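Undergrad: Let me begin by handing over the structure; questions about it come next.
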Amino acid sequence: MASKKISSKKLQIDKAQTNTISLIALAVFVTVFSLVSCRALWQQRAYQAKVIGKKKEALRILEQNTQAVPGLVEAYKTFVSSPTNIIDGNPNGTGEKDGDNARIILDALPSKYDFPALTTSLEKLLLERNFKVESIKGVDDEVAQAAQKESGSPKPVPMPYQITVDGSYTAIQDLISVFERSIRPFSTDILVLKGSADNMQMILDGKTYYQPEKTLDIKLEKVK
């Protein structure tokens with residue numbers, strides 16, 4: 001009889017230990033689950049805070065740009081509607097110094113590598129001064145230049161060319177002076193003169209420039 005009581009007590013103790021272990025295991029599971037959940041929620045909260053911060057920054061920049069638009073429009077109108085342009089010409093005229101300021105700026109530094117347009121301008125300049133044009137050479141690198149992407153503020157890019165013309169020494173002097181006074185930058189690398197004062201050949205290797213336009217790149221930013 002006493003043996004049965006001891007066995008019964010032992011079973012009760014084992015059952016109590018089993019329940020205790022189960023409760024401890026459950027408590028450990030709940031604790032670990034809570035810690036993992038809290039960590040996931042904290043990470044989600046930090047991510048959402050980053051997203052909200054980036055959205056606020058984008059909104060701030062957008063609002064600044066929107067506020068700047070009227071001032072830029074007014075400044076541009078004032079710039080192109082002045083009674084005389086920046087080289088003291090008539091904004092509405094057709095002479096060498098005439099044209100509005102926006103057109104003068106584009107003529108001074110075009111936004112594209114347009115070599116055919118350059119050769120046309122050079123040919124017109126030479127023919128107006130009665131030169132015999134032997135050749136106008138250069139490299140039409142427009143496709144390669146268009147494929148290049150620059151970050152930040154674009155810088156002037158050289159456009160090399162070579163012209164060979166026949167004319168008098170006085171006419172060549174005048175042509176060099178025209179290049180020096182031009183609103184578009186021209187630099188001379190090599191100048192070769194052959195012949196007499198009345199019948200001279202000039203070979204000129206030089207450069208002019210263009211400045212790539214600054215584009216507005218709107219991009220998506222992935223928040224990590």
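Values in this text are rule-based calculations from the coordinates and carry no lab data. Computed from a prediction, not measured in an experiment: that's the story for all the values here. Reconstructed Cβ throughout: ideal geometry from the backbone, glycine too, with neighbour counts over all protein chains shown.
Undergrad: With all pairs of different alpha carbon atoms counted, what Kirkwood hydrodynamic radius in Å does segment 111-210 show?
TA: This gives a value of 14.5 Å.
Undergrad: Still on this structure, I have one more. Do the alpha carbons of any pairs in Lys137/Lys214; Lys137/Lys207; Lys124/Lys155; Lys56/Lys224; Lys97/Lys132 sit beyond 18 Å of each other, and which pairs?
TA: Details: Lys137/Lys214 29 Å; Lys137/Lys207 12 Å; Lys124/Lys155 28 Å; Lys56/Lys224 16 Å; Lys97/Lys132 25 Å.
From the list (Lys137/Lys214; Lys137/Lys207; Lys124/Lys155; Lys56/Lys224; Lys97/Lys132), the Cα-Cα distance tops 18 Å for Lys137/Lys214; Lys124/Lys155; Lys97/Lys132.
Undergrad: Gaussian network model of the chain, Cα springs within a sub-10 Å range: biggest mean-square fluctuation belongs to which of Ala108, Ala171, Ala58?
TA: Ala58
Undergrad: For the chain, take the convex hull of the Cα atoms, compute a quarter of its surface area, and give me that in nm², please. Present the calculation step by step, with values, prior to reporting the outcome.
TA: On the way: hull surface 91.8 nm².
Mean orientational projected area (the chain, Cα hull): 23.0 nm².
Undergrad: Separate question: Taking amide H atoms as placed 1.01 Å from N in the peptide plane, list the residues 5 or more away in sequence, or in a different chain, whose amide H sits under 5 Å from that of Tyr210.
TA: Under 5 Å from the amide H of Tyr210 lie the amide H atoms of Val157, Met159, each far enough along the sequence or on another chain.
Undergrad: Using a 10 Å cut-off around each Cβ, can you sort Ile176, Ile61 from fewest to most neighbouring Cβ atoms? Mind showing how you got there, number by number?
TA: Details: Ile176 15, Ile61 10.
Sorted ascending by nearby Cβ count, the order is Ile61, Ile176.
Undergrad: What number, rounded to the nearest 500 deg cm²/dmol, is the helix-based mean residue ellipticity at 222 nm of the chain, given -39500 (n - 2.57) per DSSP H run of at least four residues and division by all its residues?
TA: On the way: 5 runs with 120 residues, N = 224.
Rounded to the nearest 500, it is -19000 deg cm²/dmol.
Undergrad: By what distance, in whole Å, do the Cα atoms of segment 25-69 stretch along each of the three principal axes, largest value first?
TA: 66, 7, 5
Undergrad: Treat the count of other C-beta atoms within 10 Å as a stand-in for reagent exposure and order Tyr169, Tyr161, Tyr210 from fewest to most.
TA: On the way: Tyr169 15, Tyr161 19, Tyr210 22.
So the ranking, lowest neighbour count to highest, is Tyr169, Tyr161, Tyr210.
Undergrad: Hey, another quick one. Ranking Val165, Val80, Val30 by Cβ neighbours within 10 Å, fewest first, what do you get? Let's see the in-between values first.
TA: Numbers: Val165 22, Val80 16, Val30 10.
Result, fewest neighbours first: Val30, Val80, Val165.
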